[in-house]
Amino acid sequence: MAKHNFLKLEYRTEEVQALEIVGVVDGDGVLPAYTTTDKKLKWNAWIVNKNRRLFQFVPVDCNIPIYKDNGVDMESRCDGMLLVDSMRYIAFVELKDVRSGGIADAIKQLRTTIELFSQNYHVEDFRIRRAYAANVAHPRFHYSMKDEIESFRALKFVLMPQAEIVLN
């Protein structure tokens, strides 16, 4: 098992912040996802932080190199993770902007990333653990997500199929 240091300081490209609302914008496949207050940009998800908790968005895809066992191909990863209140709360985020098929892909990427993270860290060290599958193009789902949500319990994370990330 390769060691993947998701929490390495060099991967923390954004400052710790305590804004009340901030958007999360997907990168372009070359650049990583990032947070912004610029409402002229299309937000793929948004963070609502009414209590002004300290948080840091850490891009995962296009930022943290995680290779498959062959050492050449990159592992599929989610877009980013949120570290809240000095890492007592962690949330992984996958951003989509597609009309169909996006949620299944988002869940798969979240699962892969969380499994890799769990191989390297004790997830129980985080009091709150969430996984957000955000699809801004299709925010409401036509079927129950009960089975997908239940399957994330084995990962010790709560699956949140929504674009609004509420830090409560």
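The values are calculated or read from the model by the stated rules, or taken from the named source; none is laboratory data. Everything numeric here is computed off the predicted structure, so don't read it as measured data. Because the Cβ atoms are built from the backbone with ideal geometry, glycine has one as well, and the counts that use them run over all protein chains shown. Only protein heavy atoms, including side chains, enter the accessible area calculation; ligands, DNA and RNA are left aside. Shrake-Rupley method; radii C 1.70, N 1.55, O 1.52, S 1.80 Å.
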Matching entry among VAL136, VAL123, VAL58 (being at pLDDT 90 or above and under 19 Å from ILE47 (Cβ atoms)): VAL58
Filtered residue count, the range 13-25, keeping only those that are of a type outside the set (Val, Ile, Thr) and either in contact with a Pro (Cβ under 9 Å, 6 or more places away or on another chain) or open to solvent by 60 Å² or more (accessible area, probe 1.4 Å) (or both): 4
Residues of the range 31-46 that turn out to be under 17 Å from the mean Cα position of the chain (by Cα) and either among the small types (Gly, Ala, Ser) or open to solvent by 90 Å² or more (accessible area, probe 1.4 Å) (or both), as a count: 3
Extreme residue, modelled with the lowest pLDDT, among residues of the range 90-100 that are over 13 Å from the mean Cα position of the chain (by Cα) and either over 25 Å from GLU20 (Cβ atoms) or open to solvent by less than 10 Å² (accessible area, probe 1.4 Å) (or both): SER100
Yes/no for ILE103 being touching a helix residue (DSSP H, G or I) at 6+ places or on another chain (Cβ under 9 Å), surrounded by fewer than 23 Cβ atoms within 10 Å (Cβ to Cβ), at pLDDT 90 or above and within 17 Å of ILE149 (Cβ to Cβ): no
Residue within the range 73-89 that is within 23 Å of GLU14 (Cα to Cα), assigned to a loop (DSSP other than H, G, I, E, B) and open to solvent by 80 Å² or more (accessible area, probe 1.4 Å) present: yes
